[in-house]
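A.B. asks: Quick one: the structure is below, questions incoming.
Please treat every number below as a calculation from the coordinates, not as lab data. Note that this is a predicted model, so its numbers are computed, not measured. Cβ coordinates were reconstructed from backbone atoms using ideal geometry, including for glycine residues, and neighbour counts include every protein chain displayed.
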Number of protein chains: 2
Amino acid sequence: MVTIRDIAKRAGVSVATVSRTLREPEAVRPAKRDAVNQAIEEMKYVPNAIAQQLRRPRHEAIIVIVPEIANPFFSEIVQSIENVAHELGYRVLIGETQGKQERLDYYAEMVTSRVADGLILLGSLLPSVVRATVKAGKPLPMPLVLACESYAGLNCPHVVIDNVAAAKLAVQHLIEVGRKKIATITGPMVNSLCADRLRGYHSAMVEAGLTPEAGWIVDGDFSIESGHSAMLRLLELESRPDAVFCANDEMAIGAQQAIQEKGLTIPGDMAIVGFDDLRFGAYASPPLTTIRQPTNELGETAMRMIDAMLHDKPLTEQSVVLAHQLIVRRSSGAQERLASNK
Amino acid sequence: MVTIRDIAKRAGVSVATVSRTLREPEAVRPAKRDAVNQAIEEMKYVPNAIAQQLRRPRHEAIIVIVPEIANPFFSEIVQSIENVAHELGYRVLIGETQGKQERLDYYAEMVTSRVADGLILLGSLLPSVVRATVKAGKPLPMPLVLACESYAGLNCPHVVIDNVAAAKLAVQHLIEVGRKKIATITGPMVNSLCADRLRGYHSAMVEAGLTPEAGWIVDGDFSIESGHSAMLRLLELESRPDAVFCANDEMAIGAQQAIQEKGLTIPGDMAIVGFDDLRFGAYASPPLTTIRQPTNELGETAMRMIDAMLHDKPLTEQSVVLAHQLIVRRSSGAQERLASNK
DNA sequence: CATATTTTTGTAAACGTTGCCAGAACGCAA
DNA sequence: TTGCGTTCTGGCAACGTTTACAAAAATATG
């Protein structure tokens, strides 16, 4: 390995001059600067980032933690984080937990051990160190921003959407297009965000004077398969619903498949609304009505927040709530209803 | 920041003893060991990974570079890399290039500058340093494994599937189920793998005595949208094909959508075969016949290869070719054909 | 040309670990 | 108690940078 000392020797200068040539070239006489650059070129010197980081207080690196990289919803957020990060001069390291606390803690430790400066957390798990300090009512043990989800009692900057209101909007849409027997397929209830969406469902039903029947609330785990099997359960009910609100698009896609397998039509026999606005949803058959989460803004805002924290700029907001949006496509039967009205 | 020296002072021992307590606890007397551990506990000491890495030759970290994290095909491979990596004791950092040479070089430099030990490269771009050494006929400048794609003239371990044979198999399947007017939607031709798939298409056609007409070969860019627009172009042809082989599943999904928008049926009017076996393909409507790439094995093999390189174990194979598999679902009309035969 | 001022350079001390080496403490036998 | 072999421990030099500070060189001023 060629070091700064080798370059210094070759160029006939001191190591300080080499370092300066790299860090602030204006501060060194052109003649020496050229000699140094030439030596660097000749010997193919690349500064050892580890050694640099040992000296420098900050590394301009952040870690983004995702439960599952293969989930397009998360990967879209990651993508927008990446874009802003590069613009701000950070490198982004992505870590995947697959729901395992152990892996999450592993990545979190990369921050305490100074490999990265801060953490953006997607998903619902918290690093144990964070949980511990929260319990003790102490300040955060590291620069941290939560995207997607927030925690009651955790005083940590976060960027979210209003899941209660969004779910409510989805269900209200089903009600507006004339459905009354509305079921819901929920996500794993350990996520507070799933509880919120269920609350939104209830709230819309109650306000419309509708009562969810027993069996209309089935739980899935966000996977296509779970949506499929949850829907099969709904279809066997004696009082079969005529619409379903799914807590994410993947389950909605699985549900649509199940409906069509049983020879029923969408939206004729069953209207569907999903959540997330996955790319694939627009190409499902029929195209999926859904709630759009602003993945771009989520990622961008999270990145800007962590940047602010790392540079001790005051955060304008501890809690940012972004706007969601109802995307109406064919699966909810809005068109059909309009047609029959005329 | 609490350092090893703080712990040494608190526990009344030397820094060496603290370090040893952490590295090889058996080598230190229980009494001191306990004192040290207690101090660590009390002061919440976490070793500075950067400093450790400066001393240690190896960091047990690898970088996986992906063109696009949101592409489920890549993210599935990443997932299996992660699994094996954790088992082997590596940490995995994921970098996304979005097709930009500059970002790729950036991550590659993390290896030359010792942040990570090696690189697994998915996709078709090569780091400039690698390209340079290859041109010059020199050995690789860093431990590197290619997954998905290999390069003529680049003597680098890689794990791939036989894209020519796989594409050929897909097209032969269409021929077997009775189609003769078979078109193809290709990926971006900068990828050698797309050229391979096109070659497989040609080869199957020629062997069956079929001649692709002008206009039957349209190019896409692997996105759903491009599959959609490519299919619209195919549908406008005077001699409309009755089957299409798409170079990946996302384009196939876009293509199916376009067909149905035009009021045509799948597989009746148009049979479709995709490539990759994305999770979503099985839930498309109709479910997509496709070529399954063994994403798990791809990732696992790549990870084991880089591990071998990093530990100077001789690689059993420089070039691993994994088996592909035809997955027959409804979109290619195999069932219908069977039915009409009986 | 001497002196004062500014600019450029080099020396050396960090940064937080690890691990070699020498020496201290211990255990055991005589 | 002494001597000897083992086991533990501590001091200190790395690892490759950056940067404060002092020293040297260049430039300006009279």
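A.B. asks: Give me B:Leu193, A:Leu119, A:Leu310 sorted ascending by neighbouring Cβ count inside 10 Å, so fewest comes first.
C.D. replies: Sorted ascending by nearby Cβ count, the order is A:Leu310, B:Leu193, A:Leu119.
A.B. asks: What number, in percent, do you get for the relative contact order of chain A if the mean sequence gap of Cα pairs under 8 Å and at least 6 apart is divided by its residue count?
C.D. replies: Normalised by residue count, the contact order of chain A is 15 percent.
A.B. asks: If you take the square roots of the eigenvalues of the alpha-carbon gyration tensor of segment B:164-269 and sort them as a ≥ b ≥ c, do you get rounded (a/c under 1.5), prolate (a/b over b/c) or oblate?
C.D. replies: oblate
A.B. asks: Further question: To one decimal in nm, how far is A:Glu24 from the same spot in the other copies, if labels go 7 Å from Cα toward Cβ? Please give the shortest first.
C.D. replies: So the distances to the same position in the other copies read 4.6 nm.
A.B. asks: Find out how many positive minus negative residues lie around B:Thr290, taking Lys and Arg as positive, Asp and Glu as negative, among other residues whose Cβ is under 10 Å from that of B:Thr290.
C.D. replies: The answer is -1.
A.B. asks: Oh, and also: Normalising by the residue count of segment B:194-301, find the relative contact order in percent from Cα pairs under 8 Å and 6+ residues apart.
C.D. replies: Once divided by the residue count of segment B:194-301, the mean separation gives 20 percent.
A.B. asks: A follow-up question, please. For chain B, modelled as a Gaussian network with Cα springs under 10 Å, which listed residue fluctuates most, B:Tyr283, B:Tyr151, B:Tyr201?
C.D. replies: Top of the fluctuation ranking is B:Tyr283.
A.B. asks: Just the projected area, averaged over all directions, of the convex hull on the alpha carbon atoms of segment B:51-189: how many nm²?
C.D. replies: Mean projected area for segment B:51-189: 10.7 nm², to one decimal.
A.B. asks: If you don't mind, another one. How do B:His311, A:His158 rank when sorted from fewest to most other Cβ atoms within 10 Å of their own Cβ?
C.D. replies: With the fewest neighbours first, B:His311, A:His158 line up as B:His311, A:His158.
A.B. asks: Where is the GNM fluctuation largest for chain B (alpha-carbon springs, 10 angstrom cutoff): B:Glu87, B:Glu68, B:Glu297?
C.D. replies: B:Glu87
A.B. asks: Compute the separation of the alpha-carbon centres of segment A:99-127 and segment B:1-77 and state it in Å as a whole number.
C.D. replies: Cα centres, segment A:99-127 to segment B:1-77: 15 Å.
A.B. asks: If you build the convex hull over the alpha carbons only and average its shadow over all orientations, what do you get for segment B:4-47? Give it in nm² to one decimal.
C.D. replies: Computed as one quarter of the Cα hull surface, the answer is 2.5 nm².
A.B. asks: Got the relative contact order for segment B:4-47 handy, in percent, Cα pairs under 8 Å and 6 or more residues apart?
C.D. replies: 42 percent
A.B. asks: When the helices in chain A are scored as -39500 (n - 2.57) per DSSP H run of 4 or longer and the sum is shared across all residues, what 222 nm value do you end up with, to the nearest 500 deg cm²/dmol?
C.D. replies: -14000 deg cm²/dmol
A.B. asks: Something else: Taking A:Lys9 as the anchor, which lysines have their alpha carbon closer than 23 Å to its alpha carbon, excluding any fewer than eight residues away along the same chain?
C.D. replies: A:Lys32, A:Lys44
A.B. asks: Can I get the semi-axes of the protein assembly as shown's equivalent ellipsoid? Compute them from the C-alpha gyration tensor as square roots of 5 times the eigenvalues, in angstrom, largest first.
C.D. replies: They are 48, 36, 21 Å, listed from largest to smallest.
A.B. asks: Pick out which of B:Asp277, B:Asp269, B:Asp307 has the largest mean-square fluctuation in a Gaussian network model of chain B, springs linking Cα atoms closer than 10 Å.
C.D. replies: B:Asp269
A.B. asks: Arrange the following residues from fewest to most other Cβ atoms within 10 Å of their Cβ: A:Glu225, B:Glu149, B:Glu261.
C.D. replies: Arranged by neighbour count, lowest to highest, A:Glu225, B:Glu149, B:Glu261 become B:Glu261, A:Glu225, B:Glu149.
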